[in-house]
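> Below: one structure in structure tokens.
Where a number appears in this text, it was derived from the coordinates with a stated rule and is not lab data. What you are looking at is a predicted structure, and each value in this text was computed from that prediction instead of being measured. Here Cβ is always computed from backbone atoms with ideal geometry, including for glycine, and neighbour counts include all displayed protein chains.
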Amino acid sequence: MNALRWILGGLIVLLGGGFIVLNLVAGGFRKSFGASEVNPLITLLPLVAMALLLAGLIFPASKPLLHAGAVAAVALIVFCVWQFIAESATVVWFAIAYLLVWLAFYWCAAWRTT
């Protein structure tokens, strides 16, 4: 269980950092080509959800934090499915797989009685 926490935590830090860098670089390209900017909610809400997921991994004994992370994971799955349908972004399947593994961790941490 501890190894799963480290793997999921390391991945969320890398994915969150990559998401920030990608948004910064894409914003620069967007401005240089004269295109409109992306809604800030599209950028900020996934980062807040990733922070909740990371907090749930860091403090697995906090049930309210785990439940908030589970709600964020489900919301991110809905966001990923929406991106897959709207943009045909097949890369979101990796995010969905990560979130499903995180939800498995959540089930083990919050609901298993051992």
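> Who wins for biggest fluctuation among Val48, Val21, Val71 in a Gaussian network model of the chain, springs between alpha carbons below 10 Å?
Ranking Val48, Val21, Val71 by mean-square fluctuation puts Val21 first.
> Considering the chain as a Gaussian network with a 10 Å cut-off on Cα pairs, which listed residue, Val92, Val25, Val101, attains the greatest mean-square fluctuation?
Of Val92, Val25, Val101, the most mobile in the Gaussian network model is Val25.
> Still on this structure, I have one more. Report the label-to-label distance for Trp82 and Arg30 in nanometres (one decimal), using points 7 Å from each Cα along the Cα→Cβ vector.
Between Trp82 and Arg30, the simple spin-label model gives 1.5 nm.
> Okay, moving on. By average Cβ neighbour count within 10 Å, what is the ranking of 35-41, 103-109 from highest down? Provide the component values of the computation, followed by the final result.
Working: 35-41: 9.6, 103-109: 16.4.
Going by the mean number of other Cβ atoms within 10 Å, highest first, we get 103-109, 35-41.
> Helix 2-32 versus the longest principal axis of the chain: what angle, 0 to 90°, nearest 10, using Cα atoms?
On a 0 to 90 degree scale, this one is about 10.
> I've got another one for you. Nearest 10 degrees, 0 to 90: what angle lies between the long axis of helix 92-106 and the longest principal axis of the chain (Cα atoms)?
The angle comes out at about 20 degrees.
> Moving to a separate point now. Kindly provide the helix-only [θ] at 222 nm of the chain, computed as the sum of -39,500 (n - 2.57) over DSSP H runs of four or more divided by all residues, to the nearest 500 deg cm²/dmol?
-27500 deg cm²/dmol
> If I build a Gaussian network model for the chain, linking alpha-carbon pairs within less than 10 angstrom, which residue out of Leu57, Leu14, Leu24 has the largest mean-square fluctuation?
Its mean-square fluctuation being the largest, the pick is Leu24.
> To continue, here is another question. Each residue of region 48-56 in order: what ³J(HN,Hα) in whole Hz does its phi give by Karplus 6.51 cos²θ - 1.76 cosθ + 1.60, θ = phi - 60°, with x for Gly and Pro?
The phi angles translate into 5, 5, 5, 5, 5, 4, 5, 5, x Hz.
> So what's Rg/Rh here for region 2-111, counting alpha carbon atoms and using the Kirkwood radius for Rh?
1.02
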